[in-house]
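The values are calculated or read from the model by the stated rules, or taken from the named source; none is laboratory data. None of the values given here were measured: they were computed from a predicted structure. Heads up, the Cβs are rebuilt from the backbone with ideal geometry, glycines too, and the neighbour counts pull from every protein chain shown.
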Amino acid sequence: MPELPEVEITKKTLQKHVVDQTIQDLQIKNRNLRYKIDIEFKNKVVKKKIVNISRRSKYLVFLLSDGNYFIIHLGMSGRLLIANKKQKKFLDTSFYASHPAIKKHNHVYFLFKKKILIYNDTRRFGFIKYYNSKEFLNCQHLINLGVEPLSSECNFAQLSQKIKKYNKSIKNVLMDQTCIAGLGNIYVNEALFLSKIHPERNSLRVDAPELKKLLQAIKDILKKSIRLGGSTIKDFHNSEGKIGSFQNYFKVYGRENEKCTRSRCGGMIKKITIGGRASFFCNICQQ
DNA sequence: TTCTTTGTTCCGGA
DNA sequence: GTCCGGAACAAAGA
């Protein structure tokens, strides 16, 4: 579930609580995430201070005081939660009350002086990987990623050149992390609706005005979602247990058989599968 | 019981 | 070699 806005929210919350804090201890309850956590991981990070947390696409990048790194990907259901060490409870206590089974999926605990950072992941599709400063430059997860959609490098001139290299549906191009990095199924569906482009249209047949519109839609949607704390479907919470509200503004995602929200369109939201993923679009205004 | 859902990687066919 | 589509992966709720 977490796409770029949700990872961005997670980053901001974590920055507030654990940057400049030293990892005093690490407890691994379950090493079997998408990739098995390195048995040496604990020895490599304990006693190191987290000096920076940044985001690249859907990855969180932690820089340690010795110049080495670890990255965390939340997969589909991963979360990073902040707990108060002394009281042994989450900052927002209502969080546990509404999610009683959650503790079962707490896999890793990072212990700081006053706080605990918990990696929780129901489906265990996320992962944590350590890289020394030299290896990090060659990190296979990060090296092939496309442009950050909210950066100035993500502009019409560059995108119109790049898109010529793909011969597949525009939806699959947007889902392809080597083109634009960080978009997932929800935001791609929404962006294509806003720019009135059918998801199955070959990307080579998206003309210049449409591409401009699409680019603007992507940026607008991501910014709006970040402003609203991300989307909370299938229970995304930020690291303090708070929920986002962008899901209330979805125009097509999950709206199969509803009327198009464009007042004079008269179309119907259809659902098809593209690249194995649910795709929602209006049968009239997205051509 | 089977289907759906999510992001990424891997594999086979063109 | 390259590109693209689809399967696989885990787990839970409908």
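Below is a table of values for the structure above.
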quantity: Residue selected from the stretch A:16-63 under the condition free of Cβ contacts under 8 Å to residues at least 40 places away in the same chain, out of contact with any Ser or Thr (no Cβ under 7 Å at 6 or more places or on another chain) and assigned to a strand (DSSP E or B), by the criterion surrounded by the fewest Cβ atoms within 10 Å (Cβ to Cβ); calculated: A:LYS36
quantity: Filter pass, A:ILE221 being assigned to a helix (DSSP H, G or I) and closer than 30 Å to A:ILE9 by Cα; calculated: yes
quantity: Subset tally (residues that are more than 25 Å from the chain's Cα centre (by Cα) and modelled with pLDDT under 90) for the stretch A:270-282; calculated: 1
quantity: Which numbered condition A:ILE274 misses (of (1) in contact (Cβ under 8 Å) with a residue 24 or more places away in the chain; (2) surrounded by 19 or more Cβ atoms within 10 Å (Cβ to Cβ); (3) of a type in the set (Val, Ile, Thr); (4) more than 16 Å from DNA strand C (Cβ to nearest atom)); calculated: (4)
quantity: Among the candidates A:VAL46, A:VAL7, residue that is at pLDDT 90 or above and more than 16 Å from DNA strand C (Cβ to nearest atom); calculated: A:VAL46
quantity: Helices (runs of 4 or more DSSP H) wholly inside the stretch A:128-201 containing at least 2 residues that are touching a residue at least 24 places away in the same chain (Cβ under 8 Å) and of a type in the set (A, V, I, L, M); calculated: A:170-175, A:185-194
quantity: Any pair with Cβ under 9 angstrom, 6 or more apart, that starts in the stretch A:95-120 at a residue that is among the aromatic types (Phe, Trp, Tyr) and ends at one that is within 12 Å of DNA strand C (Cβ to nearest atom) and at pLDDT below 75; calculated: A:PHE95/A:ILE102; A:TYR96/A:ILE102; A:TYR96/A:LYS103
